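Before anything else, here's the structure in question.
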Amino acid sequence: EVVGNYCTWNPLNGDSSATLSNGNLDITSSGASRHRYGTFGLSSGKWYWEYVFTGASIDAAVGVSNNTSETGSTFTGMRGYVSSTGNKYSGTTASAYGSSWGASDVIGVALDMDNSKIWFSKNGTWQASGNPANGTNAAFTDLTGTWFPLYRESGSSTGSTNFGARPFAYTAPSGFKALNTANLPTPTIAKGSDYFDVKLYTGNGSTQTISGLNFSPDFVWIKDRTQAGIWHNLFDEVRGVGKRLASNDTAAEVTNQIYGYLSAFTSNGFTVTAGSSGADNTNYNNDAYVAWAWDAGSSTVTNTQGSITSTVRANASAGFSVVKFTYSSSGTVGHGLGVAPAFII
């Protein structure tokens, strides 16, 4: 009886022929290779959920996946327990595991991401003498990274999943929790829009200020949504207003171009000014635009942590910085984040 949002099957990811109902907890599939992924990606903690198989099947599988982009019949990211044989599957490799299962059977899944393990039960009995509470005889012990609940079907079936929003049919192992947001660890950033936000606006062919952000942006990426072929426009506080880079071309920086530009950063937005050309990159009259905005902190400083001196505006809390430097020879550049960045433009 935990108050919060529970995991469901994701209606935006998976095979649309595996239709969802009852709050996206029930699945009806028809045909081969139907599948759905859960809305929770789990990288830590201990979790328990149950699946009740209610209709005929050729080869259903319940488990987890670390690759939610897979389709078709090959699921290399799957760690699952299969109905027809009772085998367990690591990707496409099967091995003997437990009893087969079918209509009315309740399949329990215990996922221990703190120790990279998973177990499966049938009607309350953990298969292969497994014991999630003690951490012994797991079906798999290689679950590192982030894993999502998975249902896969090679035929036609119906079934219902309980991620904890109603009482479980069998008692969860000691220490294992329902998939509820209240049970998730507190995120480093509780509200993403405090550091990154998106604004849609309509151009007016002149000058206008776009506002409503929770911060003063330091990096703004603008794209026309109406006219095909209009370039991307990247502006940042470190290089200064009016200085555009285009992500879709190798062209050098352009200052206050005739095609429109960002003319100011404000306390909660930015100002765009139309150019003299008929095609405007940032503020053409009646064109629809999207702007992605990032917060890189409150000050720009000189950074000497690398062999090449850089100018840096960094927001270590958000893991984002803007760095400017002059290249003369091979070397290292300080970025002000304190840890290695995962993505660099």
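The values are calculated or read from the model by the stated rules, or taken from the named source; none is laboratory data. Note that this is a predicted model, so its numbers are computed, not measured. Reconstructed Cβ throughout: ideal geometry from the backbone, glycine too, with neighbour counts over all protein chains shown. Surface areas here come from the heavy atoms of the whole protein model, side chains and all, with no ligands, DNA or RNA. Shrake-Rupley method; radii C 1.70, N 1.55, O 1.52, S 1.80 Å.
Whole angstrom only: what separates the Cα centroid of region 73-92 from the Cα centroid of region 319-343?
The distance from the Cα centre of region 73-92 to that of region 319-343 comes to 43 Å.
Additional query: Could you tell me which label, among (1) 1.43; (2) 1.10; (3) 0.94, carries the value of Rg/Rh (Cα atoms, Kirkwood Rh) calculated for this structure?
Label (2) holds the value from this structure.
Same structure again: So, in nm, how far is label Thr71 from label Thr136 when the simple model puts each one 7 Å beyond its Cα toward the Cβ?
It is 4.5 nm.
Which one, Lys88, Lys199, Lys46, has the greatest fluctuation when you compute a Gaussian network model over the chain with C-alpha springs under 10 angstrom?
Lys199
Rounded, prolate or oblate: which one fits region 1-128, using the alpha carbon gyration tensor with axes a ≥ b ≥ c (rounded when a/c is under 1.5, else prolate when a/b beats b/c, else oblate)?
It comes out rounded by the Cα gyration axes.
How high is the relative contact order of region 81-130? Use alpha-carbon pairs under 8 Å, at least six apart in sequence, and give a whole percent.
It rounds to 27 percent for region 81-130.
When a/c reaches 1.5 or more, the comparison of a/b and b/c decides; with that in mind, is region 41-108 rounded, prolate or oblate per its Cα gyration tensor?
Verdict is oblate for region 41-108.
Now a separate question. Give the dimensionless ratio obtained when the Cα radius of gyration of region 274-343 is divided by 2.2 N^0.38 Å.
Relative to the rule-of-thumb radius for its length, region 274-343 sits at 1.53.
Can you tell me the relative contact order of region 141-236? Whole percent, Cα pairs under 8 Å, sequence separation 6 or more.
Once divided by the residue count of region 141-236, the mean separation gives 14 percent.
Another one. Rounded to the nearest percent, how much of the accessible area of the chain (1.4 Å probe, protein heavy atoms only) is carbon and sulfur?
48 percent
In Å², and per residue, what accessible area does the chain have when probed at 1.4 Å with the other protein chains present?
Result: 46 Å² per residue.
What net charge do the residues around Ser160 carry, taking every other residue with its C-beta under 14 Å from that of Ser160, with Lys and Arg at +1 and Asp and Glu at -1?
Residues near Ser160 contribute -2 overall.
I've got another one for you. For region 172-244, what does the alpha-carbon gyration tensor say about shape, rounded, prolate or oblate, given a ≥ b ≥ c as the root eigenvalues, a/c under 1.5 as rounded, and a/b over b/c as prolate?
It comes out prolate by the Cα gyration axes.
Let me ask something additional. How many angstrom separate the Cα center of region 155-186 from the Cα center of region 281-311?
Cα centroid of region 155-186 versus Cα centroid of region 281-311: 43 Å apart.
Please list, in order, the residues from region 225-262 whose amide nitrogen is less than 11 Å from a point placed 7 Å along the Cα→Cβ vector of Thr311.
Only 237-241 fall inside the zone, counting backbone N under 11 Å.
Right, here's the next one. I'd like the projected area of region 229-276, averaged over all directions, using the convex hull of its alpha carbons. Report it in nm² with one decimal.
Across all orientations, region 229-276 yields a mean hull projection of 3.6 nm².
Can you count the Lys pairs in the chain whose Cα atoms are under 16 Å apart, with each pair 8 or more apart or on different chains?
Pairs that pass both the separation and distance tests number 8.
Report the percentage of all Cα-Cα pairs in region 125-277 whose separation exceeds 24 Å, rounded to a whole percent.
Roughly 58 percent, once rounded to a whole number.
Then there is this: I'd like the per residue volume of the convex hull spanned by the Cα atoms of region 87-190, given in cubic angstrom.
139 Å³
When only Cα pairs under 8 Å and 6 or more residues apart are kept, what is the percent relative contact order across the chain?
15 percent
At what distance in nm do the modelled label points of Thr93 and Ser30 sit from each other, each positioned 7 Å from its Cα along Cα→Cβ?
3.7 nm
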